[in-house]
Amino acid sequence: MAKAFYLAYGGAETTVFDSQVLDFLERQKDEGIVLRFIAFQELNSWLHERDFITNKKRLIAAASGYEPIFLPRFPRNAFNLNGWALRRVLDGQGPPAVIHARGLQSGAMAAKMKKFFPCLRVLLDHRGVEPEEFLYIIRGEKLRRPNIFDRYWYQHLKKIERRAIMGADYIFCVSHALRDHVAADFPSAIDKIAVVPGCVNLQRFSPNDETRIQMRGKLGLNGHLVMVYAGSLRAWQSPTQIVQVFKEALAMGLKTFLIVLTPHRHLAQGAFEETGIERSLYKILTTNHQTTPQYLAAADIGIAIRDNDVINQVASPTKSGEYLAAGNLILTTPCPADLSAIVKKENAGYVLPYPFNRKHLQEALIKLAHQCREETGLRDRLRQIAGRYYDWKKYQNIVATTYERLIPGGATSS
């Protein structure tokens, strides 16, 4: 049996890690595809957040069946220290057959390992346009123009992108829009790409409204139109637009309530400052893999509003499938492209134009409120849509077939 590894150069992320990594590792183990997890944790986190790492190790071991390996990630791979550490780990484990590389930097590093392990195959799990995300963070979070060092690093990230895509033996893209984006820049890669979106373990979500009734009663939300935003709050996930939607609903006289589920609570709270919105009308929480579905079940409308740019165009937000799995309609924009197409095709919410104004918001909220109130069996229909587009079971055959192609005979970590 061949040795297979899952490489996460970005470490154990604070938001989508459980749903997109732990669920994946556990599902592959159940299917007989065994992956040894290797993470490069940000250096400061690796040094000072030992309890966090210990907890993640426990969860990963339970999901994959093997003790994970956490390595310190030196900034920008200084002196190739990260590459040296990965090669040392792989040498110690025996020649690797395949590395499932999460993200472009993982993919580029895995591709480099082919120099030392000629039989190695790389499966790139392409999550988004990392070079453009870097510039967006500079402008949107650090609030400054890119300097000469930033522009150098951007160009280096573009080289990493090329190395990851051209060095991969097969590529999973999280959206059809990302697949098309890759194919436009790297036409020769199109034949080795499959689309596997940010999938959902539907078993985490109640198949009926029992959880919804209990949570709405607990929160005192019976009779309310409940909106929810779930996820991180980065530069391309603007909290001000979430507040804008909620303010308009209140101005229209709708009996509404907003739940914000995010690890970035201070950013969410900052967006509400000086708005005049009473604290009793919204709740900001940080939830975990187990409790998030309970709060989503209490909601009616999930908010997925993004700016029109390439980062958001190619995105596949994990919460898209989770909103639907919880029975929520989705209020979105043309970006993310795949999500807006699903919402339109399936009448699963409302796609605002971009840019949008108060009139657009009012039309959307009137339509969504009416649909929530009048459509019989709406929540069951939305759960079925989640199954058609985001259920892990739908894509497992693609994953299994790819692994069989890369490592005939199966994979093990022992």
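If you filter the stretch 281-294 down to residues that are assigned to a helix (DSSP H, G or I) and touching a Phe, Trp or Tyr at 6+ places or on another chain (Cβ under 8 Å), you find that the one that is farthest from Leu225 (Cα to Cα) is Pro293. If you go through the stretch 53-66 and keep only what is in contact with a strand residue (DSSP E or B) (Cβ under 9 Å, 6 or more places away or on another chain) and closer than 22 Å to Asn288 by Cα, you end up with Ile53, Lys56, Lys57, Ile60, Ala61, Ala63, Ser64.
For the stretch 271-280, the set of residues classified as outside any loop (DSSP other than H, G, I, E, B) and either of a type in the set (Lys, Arg) or surrounded by 14 or more Cβ atoms within 10 Å (Cβ to Cβ) (or both) consists of Ala271, Phe272, Arg279, listed by residue number.
Arg73 meets each of the listed conditions (1) closer than 25 Å to Pro131 by Cα; (2) crowded, with 17+ Cβ neighbours inside 10 Å; (3) modelled with pLDDT under 95 apart from (3).
Evaluation of Phe24 against the conditions (1) surrounded by fewer than 21 Cβ atoms within 10 Å (Cβ to Cβ); (2) in a helix (DSSP H, G or I); (3) out of contact with any strand residue (DSSP E or B) (no Cβ under 7 Å at 6 or more places or on another chain) shows that the sole unmet condition is (1). Close contacts from the stretch 167-186, counting a first residue that is assigned by TED's automatic domain parsing to the domain that holds Ala400 and a second that is part of a loop (DSSP other than H, G, I, E, B) and among the hydroxyl-bearing types (Ser, Thr, Tyr), with Cβ to Cβ under 9 Å and a gap of 6+ residues or different chains, come to Cys173/Ser316; Val174/Ser316; Ser175/Ser316; Ala177/Ser316; Leu178/Ser316; His181/Ser175. Taking the stretch 197-252 as the range and being touching a residue at least 40 places away in the same chain (Cβ under 8 Å), of a type in the set (A, V, I, L, M, F, W, C) and part of a loop (DSSP other than H, G, I, E, B) as the test, the residues that pass are Cys199, Phe205, Leu221, Ala235, Trp236, Met252.
Only one entry of Thr318, Thr332 meets the criterion of being free of Cβ contacts under 8 Å to residues at least 40 places away in the same chain and touching a Gly at 6+ places or on another chain (Cβ under 8 Å), and that entry is Thr332. Going residue by residue through the stretch 218-229, is there one that turns out to be over 17 Å from the mean Cα position of the chain (by Cα), surrounded by fewer than 20 Cβ atoms within 10 Å (Cβ to Cβ) and either among the small types (Gly, Ala, Ser) or assigned by TED's automatic domain parsing to the domain that holds Leu120 (or both)? Checking the stretch 218-229: at least one residue is over 17 Å from the mean Cα position of the chain (by Cα), surrounded by fewer than 20 Cβ atoms within 10 Å (Cβ to Cβ) and either among the small types (Gly, Ala, Ser) or assigned by TED's automatic domain parsing to the domain that holds Leu120 (or both).
Taking Ile303 as the residue in question, decide whether it is surrounded by 20 or more Cβ atoms within 10 Å (Cβ to Cβ), under 20 Å from Phe356 (Cβ atoms) and under 21 Å from the mean Cα position of the chain (by Cα). Taking the combined requirement at face value, the residue satisfies it. Looking only at the stretch 142-156, residues that are surrounded by 14 or more Cβ atoms within 10 Å (Cβ to Cβ) and at pLDDT below 95 come to 0 in all. In summary, helices (runs of 4 or more DSSP H) completely within the stretch 33-118 and bearing 1 or more residues that are farther than 26 Å from Ile398 by Cβ and hydroxyl-bearing (Ser, Thr, Tyr) occur at 43-48, 50-64. Would you check if Ala164 is part of a helix (DSSP H, G or I) and within 21 Å of the chain's Cα centre (by Cα)? Taking the combined requirement at face value, the residue satisfies it.
Within the stretch 91-119, the set of residues being among the aliphatic types (A, V, I, L, M), at pLDDT 95 or above and more than 25 Å from the chain's Cα centre (by Cα) comprises Met113 only. Only one entry of Ile193, Ile242 meets the criterion of being within 16 Å of Thr333 (Cα to Cα) and crowded, with 17+ Cβ neighbours inside 10 Å, and that entry is Ile242.
Residues checked against (1) modelled with pLDDT of 95 or more; (2) in contact with an Asp or Glu (Cβ under 8 Å, 6 or more places away or on another chain); (3) closer than 26 Å to Lys255 by Cα:
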position	(1), (2), (3)
Lys319	no, no, yes
Ala326	yes, no, yes
Asp338	yes, no, no
Ile342	yes, no, no
Val351	yes, no, yes
Lys359	yes, no, yes
Glu375	yes, no, yes
Leu382	yes, no, yes
Leu406	no, yes, no
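A residue that is of a type in the set (Asp, Glu) and under 25 Å from Ser316 (Cα atoms) can be found somewhere in the stretch 365-382.
The values are calculated or read from the model by the stated rules, or taken from the named source; none is laboratory data. As the structure is a computational prediction, the values presented were derived from the model and not from experiment. Heads up, the Cβs are rebuilt from the backbone with ideal geometry, glycines too, and the neighbour counts pull from every protein chain shown.
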